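Heads up: the structure comes next, in structure tokens.
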Amino acid sequence: QVRLVESGGGSVQAGGSLRLYCGASVDTAYNAKTFHMTWFRQAPGKGRDGVATIYTGGGMRSYHDAVKGRFTANQDSAKNTVYLEMSNLTPDDTAMYYCAARSGYDGLWHLHWPSEASYDFWGQGTQVTVAS
């Protein structure tokens, strides 16, 4: 099992910044594994969209076009934590942000990562609200 806990959400003014955290607790069976870690978000009344993904085995990243240049996914392997650095936030970024994990390496991840069905584990989410 892999348990994911998000934190760092809150309310900010447009143009502001936030850092989200996703801490992972990994059972023995997953200790030596690498993961594709992805941040999704879901705004009220909308579907869940992949925002940013990072591969823990090599740091490869991909981003949704809407956040390129503003959001950065990073990892701290020693702490089993991935981060989402968000800057220049707009009200359109208001959503519940979720962390998701897929164990192992997927050579077609650039195609698969936006799909919720690609993931084995999910966190409970952290709310981000951006006021205009």
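Of the solvent-accessible surface of the stretch 1-128, computed with a 1.4 Å probe and all protein chains present, 47% belongs to carbon and sulfur.
Taking a ≥ b ≥ c as the square roots of the eigenvalues of the Cα gyration tensor of the stretch 65-105, is the shape rounded (a/c under 1.5), prolate (a/b larger than b/c) or oblate?
Judged from the Cα gyration tensor, the stretch 65-105 comes out prolate (a/c at least 1.5, a/b above b/c).
Within straight cross-link reach of residue 46, meaning Cα distance under 27 Å, which lysines are found once same-chain residues fewer than 8 apart are removed? Answer for residue 46, where 27 Å is the Cα cut-off: 68, listed by chain and number.
Here the Karplus relation 6.51 cos²θ - 1.76 cosθ + 1.60, evaluated at θ = phi - 60°, turns the backbone of the stretch 31-36 into coupling constants of 4, 8, 8, 9, 9, 8 Hz, with x for every Gly and Pro.
Its Cα gyration tensor gives the stretch 33-76 an equivalent ellipsoid. The semi-axes, each the square root of 5 times an eigenvalue, are 21, 12, 7 Å from largest down. Protection proxy ranking for 58-65, 36-43, using the average of other Cβ atoms within 10 Å per residue and placing the highest first: 36-43, 58-65. A 1.4 Å probe run over the protein chains yields, for the stretch 63-132, 51 Å² of accessible area per residue, whole-number rounding. Per residue, the average separation of C-alpha pairs within less than 8 Å and at least 6 apart gives the chain a relative contact order of 35 percent. Karplus-derived 3J(HN,Hα) values for the stretch 14-23, using 6.51 cos²θ - 1.76 cosθ + 1.60 with θ = phi - 60°, are 3, x, x, 9, 8, 10, 9, 10, 10, x Hz; glycine and proline are entered as x.
The values are calculated or read from the model by the stated rules, or taken from the named source; none is laboratory data. All figures in this text were calculated on a predicted structure; none of them were measured in a lab. We place every Cβ from the backbone using ideal geometry, glycine too, and count neighbours over all the protein chains shown. Protein only, heavy atoms only, side chains kept; ligands, DNA and RNA dropped before computing areas. Shrake-Rupley method; radii C 1.70, N 1.55, O 1.52, S 1.80 Å.
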